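The values are calculated or read from the model by the stated rules, or taken from the named source; none is laboratory data. From a predicted model like this one, the values you see are computed outputs, not experimental measurements. All Cβ positions, even for glycine, are placed from backbone atoms using ideal geometry, and neighbour counts span all protein chains on display. SASA here: full protein model, heavy atoms, side chains in, ligands and nucleic acids out. Shrake-Rupley method; radii C 1.70, N 1.55, O 1.52, S 1.80 Å.
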Amino acid sequence: MPLHVLQHPLAAHVMTHLRDQTTRPATFRTLAYHLGLLLAIEATRDLPTKEKTVETPLESHQGRVLARSLVIVPILRAGLGLMQPFVDLFPDVSVGYVGLERDHATAVARSYYCKLPPLAGTRVIVVDPMLATGGSAVQALAVVKQAGAEDLSFACIVSSPEGVAAMQAAHPEVPIFTAAHDRALNVRKYIIPGLGDFGDRLYGT
Ligand code: PRP
Ligand code: URA
C-alpha cells in the first residue's frame, strides 16, 4: 500500500513548530491536535458512504452519509495525542486502546494493556505519532487484526524509512498516512531529524 504524506502548507508550518525543541508542552499539544485534524481528514478520504434522503425546508434532497462505523485505536501513551481530532470530527467513533512501551535499551516494544470494541465490519484507524523501527505499529496492527479488524489504516505524525519498510513487510495491505517522512533512525532508534520523544514532549515528562 502506498505511503501517503500530507501535502498541505499548514501541515508543513505546524510540523516545523512541532520539531522546534523550544516548543513547550502546552503549545506542542495544540500543534499535535491541529496536525491530527489534517491527518484525520486525509485518512478518511475513502470512507464509504450511502444514500440518505432528507427534507430541506424547501424540498426533498438525496444526500450521502457515512456507511461504515469508525474505530480509532491510539497506541498508548503518545497515541492519545492524536485521538481527540478523530473524536471531534467523527462523534460516533468508538475508541480502543493498545498499550505498548519501547524498552530504552533495546527499542523493542512491550505490551501492557489492550481494550478494544467490536471491530468486525468497521474501519479501524490505528494512530501513533512516531513510526520509528515500526515495532510498536507492527505489533498493534497484529493485535487489532487478531481482534477481527479487516479494514485497517495507520496514521502517524513522523515516519522513518525503516518503520515504513517494517510495516510494508508485515502488513502490506495497510495504508500509512504520515505528516512527515524523515531521513533515518539514529543509533538509539530515534527518528532524525524527528522531533525527539513525542510522549515526553506531549506530557512534559
Ligand atoms: C514511542 C512512540 C511509538 C514508538 C515508536 O512510544 O509513541 O509508540 O515509540 O517506536 P517504534 O516504531 O520503534 O516501535 P514509547 O514506546 O516511547 O512509549 P510512550 O508512547 O509511552 O512514550
Ligand atoms: N519514539 C519517539 O517518541 N520518538 C522517536 O524518534 C522514536 C520513537
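Do the conditions hold for Val144, that is, is it open to solvent by less than 60 Å² (accessible area, probe 1.4 Å) and in a strand (DSSP E or B)? No, not satisfied.
Selection within segment 175-205: residues that are β-branched (Val, Ile, Thr) and within 9 Å of ligand 2 (Cβ to nearest atom). The member of this set that is least open to solvent (accessible area, probe 1.4 Å) is Ile191. Listed by position, the strands (runs of 3 or more DSSP E) contained in segment 49-136 that have at least 1 residues being surrounded by 13 or more Cβ atoms within 10 Å (Cβ to Cβ) are 60-66, 70-76, 97-102, 109-115, 123-127. One residue stands out in segment 169-205 among those that are among the basic types (Lys, Arg) and not in a helix (DSSP H, G or I): the one that is farthest from Leu100 (Cα to Cα), namely Arg183. Taking residues in segment 16-36 that are closer than 17 Å to Ile192 by Cα, and partners anywhere that are surrounded by 16 or more Cβ atoms within 10 Å (Cβ to Cβ), the pairs with Cβ atoms closer than 6 Å and at least 6 places apart or on different chains are His17/Thr23; His17/Leu31; Leu18/Leu31; Leu18/Leu195; Arg19/Leu195.
Here is a yes/no grid of residues against (1) in contact with a Leu (Cβ under 6 Å, 6 or more places away or on another chain); (2) farther than 20 Å from Gln84 by Cα:
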position	(1), (2)
Glu162	yes, yes
Ala165	no, yes
Val174	yes, yes
Thr178	no, no
Lys189	no, yes
Asp200	no, no
Tyr203	no, no
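Taking the criterion of being more than 8 Å from ligand 1 (Cβ to nearest atom) and in contact with a Pro (Cβ under 9 Å, 6 or more places away or on another chain), the residues of segment 125-144 that qualify are Val126, Val127. Scanning segment 152-174 for residues that are more than 13 Å from ligand 1 (Cβ to nearest atom) and either open to solvent by 20 Å² or more (accessible area, probe 1.4 Å) or at pLDDT below 95 (or both) gives Gln168, Ala169, Pro172, Glu173.
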